[in-house]
Amino acid sequence: MRLSRYFLPVLKEDPAEAEIVSHRLMLRAGMIQQLAAGIYNWLPLGFRVLKKVEQIVREEMDRAGALEILMPTIQPADLWRESGRYDDYGKEMLRVRDRHDREMLYGPTNEENVTDIFRRHVRSYRQLPLNLYHIQWKFRDEVRPRFGVMRGREFLMKDAYSFDYDYAGAKRSYENMFVAYLRTFRRMGLTAIPMQAESGPIGGNMSHEFQILASTGESQVYYDAAFEELDLGSGEIDVEQLTNLYAATDEKHDPARCPVPPERLRTGRGIEVGHIFYFGTKYSKPMGATVTGPDGREVPVEMGSYGIGVSRLVGALIEAFHDERGIVWPEAVAPFRVGLVNLRPDEAECSRLADDLYAKLRAAGVETLYDDTEERAGSKFATMDLIGLPWQLVVGPRGARVGLVELRSRATAERQELSPESALARLTG
RNA sequence: CGGGGCGUAGCGCAGUCCGGUAGCGCAUCUGCUUUGGGAGCAGAGGGUCGGCGGUUCGAAUCCGCCCGCCCCGACCA
């Protein structure tokens, strides 16, 4: 993509409305624009990251055997009356009426909806296990939205719902998602610590929230160093062992009862990016979602649900990966892999070389943002640092004369003068 | 929902206390010079001062009501 043809409204100064670093940087890098409190427009650069994050979540859900569907944002109130939540949910739920004065709501979550799908089509235990998920916008009318997309009112969330015949099956489904979550966050370069959360009405320790570590996180967390040594790439993950590892948020951490020896106890700040829980027949029972078992008896299906805050993750990633100059994207979620900088578009030799590199990067399928604008060098560097693409490939008049370009790593600030050919080899290899 | 604060050009702000025809920096446009870390000079454009009402000869400024947004706390992917 040529920057001269792109829409990247970067800000030189910090917007007054933003307090925390991810919010500031998202606004400054032209990723988002606020439309109302807690409601954001996603501009091209931000949208690309959102899609990258979404795609990783999708791939890991698919890999775990979940099936993607898409449920609507607007739901009828009657469905929520069946579970009793219409009255329970309170003001967080945005309630609307259609032209026929029927009560509707903008979904804050989809348990009722997915349970309805299930009960209308699934009759037998033989059709289980089943896990349906979707990635859809939610709305929760938070009293106080803040921190940009980290706590918006409208947010993109992946929510999966598992259906099993019995508790043993539900536990397997839960553990399956547990592992998928660890893989998902790890792929984005994040260390996610699963923490035992408030146990549901039925499940013992079958509720975990996933906190990622970032110095600016909202809550103080304590955890076993073993989490940092997790190898998710190979072999089996022992969920039983993992769920027994110690991890707690500030409120629950009790030094007196902490089983981790001091030298293995780590502490940090955490941002909650996922939450999974088992809730048994909480919805299936009142809503009549039943299956017939091998014994011919009809029983309510065992359920669990599994959320990941997709849009929140974009903010959380920036909290985890930034420095004083801007964002430092991990490659897996970077909006572009390479920022190609033509320092002097007015010089023929310099531009010829930069154009040629751009064509070759494109041909090789490398996502490249090509700064072909008339801006000055300093401004170009500042913008590249701000938007945080992993690699900066700098073509200047000096180097062009002697056939050299400069490759810089945003993360390590390492710089190397190379021939265009070897720079290309590094980026395409 | 309690407490605090802010709405003036695209962005960041001054002006409001003490009423008198709206200003600064950045950005934008034109020209010249410059050109490896947010350039210099000269010129230009851009405003229902959040909205409505009131007081006054006269309101960004004083009074009332409303709207929006931010921050701290109690709650949440």
Loop-exposed GluC sites (Glu not before Pro) per DSSP, neighbour cap 14 Cβ within 10 angstrom, longest uninterrupted part of chain A: A:20-197
5 angstrom amide H check on A:Leu11, placed H, neighbours 5+ away: A:Ala29, A:Gly30
12 Å Cα-Cα reach of A:Lys91 towards aspartates and glutamates, excluding residues that sit fewer than 8 places from it in its own chain: A:Asp141, A:Glu142
Rounded FRET efficiency, nearest 0.05, which uses the C-beta distance separating A:Glu236 from A:Ala425 and R0 of 30 Å: 0.20
Area projected by the alpha carbon convex hull of the stretch A:1-130, averaged over all directions, nm²: 12.9
Within chain A, helix-based [θ] at 222 nm, where runs of 4 or more DSSP H residues each add -39,500 (n - 2.57), nearest 500: -9500 deg cm²/dmol
Spatial separation of Cα centroids for the stretch A:393-429 and the stretch A:241-296, in angstrom: 48
Global geometry of the stretch A:215-281, whether rounded, prolate or oblate, following the gyration tensor of its Cα atoms and the 1.5 cut on a/c: rounded
The stretch A:103-118 and the stretch A:309-328: distance between their alpha carbon centers, rounded to Å: 31
Along principal axes, Cα extents of the stretch A:213-254, largest first, whole Å: 33, 22, 13
Area of A:Ser419 that stays accessible when all protein chains are in place (1.4 Å probe, Å², to 10): 40
Integer Hz, Karplus 6.51/-1.76/1.60 couplings in order for the stretch A:138-146, x for Gly and Pro: 10, 9, 10, 7, 3, 4, 9, x, 6
Of all accessible heavy-atom area on the stretch A:3-323, the percent that carbon and sulfur account for (1.4 Å): 48
Globularity index of the stretch A:336-428, i.e. its alpha-carbon radius of gyration over 2.2 N^0.38 Å: 0.95
Translational diffusion of chain A, µm² s⁻¹ [Kirkwood Rh, Cα pairs; Stokes-Einstein; 25 °C; 0.890 mPa s]: 103
Ranking by accessible area, most exposed first, for A:Thr292, A:Thr243, A:Thr184 with a 1.4 Å probe: A:Thr292, A:Thr243, A:Thr184
Loop chymotrypsin sites (Phe, Trp or Tyr not before Pro), the stretch A:1-69 (other Cβ atoms within 10 Å of the site Cβ: 11 or fewer; DSSP): A:Phe7
Whole-number accessible area per residue in Å² for chain A, which is evaluated in the context of all protein chains at 1.4 Å: 46
Nonlocal amide H pairs with A:Asp372, under 5 Å, H built at 1.01 Å: A:Leu3, A:Ser4
Karplus (6.51, -1.76, 1.60) ³J(HN,Hα), θ = phi - 60°, over the stretch A:42-52, in Hz, Gly and Pro reported as x: 9, 7, x, 5, x, 4, 4, 5, 4, 5, 5
Where trypsin sites (Lys or Arg not before Pro) in DSSP loops with at most 12 other Cβ within 10 Å are excluded, longest remaining stretch of chain A: A:124-256
Whole-Hz ³J(HN,Hα) from phi, Karplus 6.51 cos²θ - 1.76 cosθ + 1.60, for the stretch A:413-425, glycine and proline x: 6, 5, 10, 9, 8, 9, 6, x, 5, 6, 4, 4, 4
Prolate/oblate/rounded call for the stretch A:95-213, Cα gyration tensor, a/c under 1.5 rounded: oblate
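The values are calculated or read from the model by the stated rules, or taken from the named source; none is laboratory data. Computed from a predicted model, the values in this text were never measured in an experiment. Here the Cβ is made from the backbone with ideal geometry for all residues, glycine too, and neighbour counts use every protein chain on show. Surface areas here come from the heavy atoms of the whole protein model, side chains and all, with no ligands, DNA or RNA. Shrake-Rupley method; radii C 1.70, N 1.55, O 1.52, S 1.80 Å.
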